[in-house]
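S.K.: Below you'll find the structure I mean.
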Amino acid sequence: MVKKILVIHGPNLNLLGEREPNVYGESGIEVLNNNIIDRASSLGLECEIFQSNHEGAIIDRLHSARGDSDGVVINAGAYTHYSYAIRDAISAIKIPCIEVHISNVDAREAFRANSVIAPVCRGSISGLGFASYYLAVQALAEM
Ligand code: DQA
């Protein structure tokens, strides 16, 4: 059976390319998404990508992953640092989730160094640019 993964981009990640390019790079989300899909398919994975700026929509998509996904890569954006609701959703669904960040959250403002979702994720990858996502996809393929 083909493994299916879900990639979730949280708030403001739709603005990649124009948002703080010195921090997040100059490429847009379409480039990132195409690269993720290429890498997933070369690893034999089916991949769906979801972006939302709304906490509840992210929670709803995590819940529906119960029926359609074997693993999740999530960049929860700023929700990473304070959304107990997203943390509880990840914990509830019992599907391996990998937390990713484009920037090095430990090298920026102090509030970014705390992730409330990290304890319920399988692992976290931060600071490697778009490669944070690619490495997470590879890790799910190997699980
Ligand atoms: C981010 C880091 C967060 O602190 C920030 O709020 C984001 C993006 C990253 O990918 O580096 O929106 O998750």
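We did not get these values from a lab; they are worked out from the coordinates using the rules stated. Quantities reported herein were computed from a predicted structural model and do not represent experimental measurements. All Cβ positions, even for glycine, are placed from backbone atoms using ideal geometry, and neighbour counts span all protein chains on display.
S.K.: Give me the base-10 log of I(q)/I(0) for the chain at each q in 0.09, 0.17, 0.18 Å⁻¹, Debye formula, one uniform scatterer per Cα, rounded to two decimals.
M.R.: These q points yield log10 I(q)/I(0) values of -0.23, -0.88, -1.00.
S.K.: Expressed as cubic angstrom per residue, what is the convex hull volume of the alpha carbon set of the stretch 80-121?
M.R.: So the per-residue hull volume is 58 Å³.
S.K.: If each residue of separation counts as 0.36 nm, what is the full-extension length gain between Ala139 and Ser27 once their alpha-carbon separation is subtracted?
M.R.: Contour length minus the Cα-Cα distance gives 38.0 nm.
S.K.: Sticking with this one: Can you grab the distance from the C-alpha centre of the stretch 52-78 to the C-alpha centre of the stretch 100-122, Å, no decimals?
M.R.: So the separation of the two Cα centres works out to 17 Å.
S.K.: Label Ala118 and Asn104 with points 7 Å out from Cα along Cα→Cβ: what is the distance between them in nm?
M.R.: Modelled inter-label distance: 1.4 nm.
S.K.: Applying 1/(1 + (r/R0)^6) with R0 = 41 Å to the Cβ-Cβ distance of Arg19 and Ser42, what FRET efficiency is obtained, to the nearest 0.05?
M.R.: That pair, Arg19 with Ser42, gives E of 0.90.
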